[in-house]
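Worksheet for the structure shown next.
Just so you know, all these numbers are worked out from the coordinates, no wet-lab data involved. Everything quoted here is computed from the prediction, not taken from an experiment. Because the Cβ atoms are built from the backbone with ideal geometry, glycine has one as well, and the counts that use them run over all protein chains shown.
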Amino acid sequence: MLSQFNSSHIEAFLQLARAEGWVCGKWEMDFLLQTFPQGCLVKRDGNEVVGYITSLRHHKSGWIGNLLVTPQARRGGIGTELMQGALHALLDAGVETVWLTASAKGVELYKKLGFIAVDSVNRWVGEGSGSARWATSNWYDPDLLRRVDSSGWGDRRDALLTITSGRGQVICGNHSFLCVQHWPHGTQLGPWGGLLEGQAAPMFELALAAAGRSVFLDVPAGNVTAAALLTRNGFSIRGSNTLMYLGVRPKYAPQKVFALASMGSMG
Ligand SMILES: CC(C)(COP(=O)(O)OP(=O)(O)OC[C@H]1O[C@@H](n2cnc3c(N)ncnc32)[C@H](O)[C@@H]1OP(=O)(O)O)[C@@H](O)C(=O)NCCC(=O)NCCS
């Protein structure tokens, strides 16, 4: 039996997640548990929690993240049971396509459930300059973000854009946007979307000026413009996950997705 992931589980989850080297924070868990509680689940063994999963419904698509089973409880079917619980919640809510990024440990499990690999997502790391001063008010047009983001992912992802763009600075061009999100240990670039390749370089320069020293971002391998730009700026790849989906084939256009909104957990 699975039960609801609630706020009392967050601290123990974050400790395990950090031990896996994941970038995640309490704000993100609060957001997920409030936005789609029926898809955020834990597995108990008596009083002990031995597995966690979260999911988020966008519009026609959903995203599963944070699948984590305690090391001593692995290979006993708990990961599969949690996945089935989250999938059930998303499909019940009317989602047609379910996305996730898979670690090497997760890929086989997801394939067994019918997930199909569509791309890789590379974790790039590099340095910012932190030279720009930013005004405290950061106005931007939310419709631009929605339009550009949906042209890359083939779906509206309003709640995800609202929470991530509210966490830092948003840089906008005519047909592109980039959010700079500050974490305690560095700066994440993303979500970052663009319809015109030519706007990527000036936008990236502004973002680097707004970022602290340590900068990281998750970028689809299918976006070759982003890879070239990052390489030119001294960034390098530190890891890679597989981007997978289940259900209706999404209208995914990686050339319009320069960086994901979250570090694997929400899209
Ligand atoms: C990935 C993870 C969630 C799997 O949980 P689990 O409870 O062990 O999964 P299951 O027992 O349901 O495994 C189902 C199948 O997935 C595959 N699988 C699971 N763990 C695997 C591993 N480490 N390597 C290769 N295949 C694996 C196997 O095919 C397995 O079937 P089998 O045991 O009959 O061979 C768990 O290893 C974990 O928490 N890892 C660290 C965090 C992580 O990488 N999460 C996934 C993020 S995308």
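Rounded to two decimals, what is the ratio between the C-alpha radius of gyration of the stretch 169-267 and 2.2 N^0.38 Å?
Normalised Rg, Cα atoms only: 1.04.
For the chain, the longest principal axis of the alpha carbon atoms and the long axis of helix 10-19 meet at an angle near 70°.
Given that compact globular proteins tend to follow 2.2 N^0.38 Å, what is the ratio of the alpha-carbon Rg of the stretch 178-234 to that value?
On the way: Rg = 10.9 Å, N = 57, 2.2 N^0.38 = 10.2 Å.
Expressed relative to 2.2 N^0.38 Å, the Cα Rg reads 1.07.
Go ahead and estimate [θ] at 222 nm for the chain from helices alone: -39,500 (n - 2.57) per DSSP H run with n ≥ 4, summed, over the residue count, rounded to 500.
Counting only the DSSP helices, I get -9000 deg cm²/dmol.
Between VAL219, VAL49, VAL69, the GNM of the chain built on Cα springs shorter than 10 angstrom shows VAL49 fluctuating the most.
Viscosity 0.692 mPa s, temperature 37 °C: give me the Stokes-Einstein translational D for the stretch 115-197 in µm²/s, with Rh taken as the Kirkwood radius over C-alpha pairs. Taking Rh from Cα pairs, D becomes 232 µm²/s.
Cross-link reach is defined here as a Cα-Cα straight distance under 27 Å, omitting same-chain residues fewer than 8 places apart; for LYS112 the lysines meeting it are LYS43, LYS60, LYS251.
Between 0 and 90 degrees, the angle of helix 200-210 with respect to the longest Cα principal axis of the chain falls at about 80 degrees.
Farthest towards the positive end of the charge dipole of the stretch 2-119, among the residues HIS9, LEU109, VAL49, is the Cα of LEU109, using unit charges on the Cβ of Lys, Arg, Asp and Glu. Using C-alpha pairs below 8 Å separated by at least 6 residues, the relative contact order for the stretch 2-119 is 22 percent. Both numbers refer to the Cα atoms of the chain; Rg and Dmax are 17.9, 56 Å.
For the stretch 1-100, the alpha-carbon coordinates run over 35, 28, 22 Å along the three principal axes, in decreasing order.
Within a straight-line Cα-Cα reach of under 14 Å, LYS105 can be paired with the following aspartates and glutamates, leaving aside sequence neighbours fewer than 8 residues apart in one chain: GLU20.
If the label point is 7 Å along Cα→Cβ of ALA228, which residues in the stretch 172-198 have backbone nitrogen under 17 Å from it? Correct set: 194-198. Taking the longest Cα principal axis of the chain as reference, the axis of helix 78-92 is set at about 70 degrees. Nearest-5 percent of antiparallel DSSP beta bridges in the stretch 2-119? Antiparallel bridges make up about 80 percent of those DSSP assigns within the stretch 2-119.
Expressed to the nearest 5 percent, the antiparallel share of DSSP beta bridges inside the chain is 90 percent. Applying the criteria of a DSSP loop state and at most 10 other Cβ atoms within 10 Å to the trypsin sites (Lys or Arg not before Pro) of the stretch 47-122 yields ARG75.
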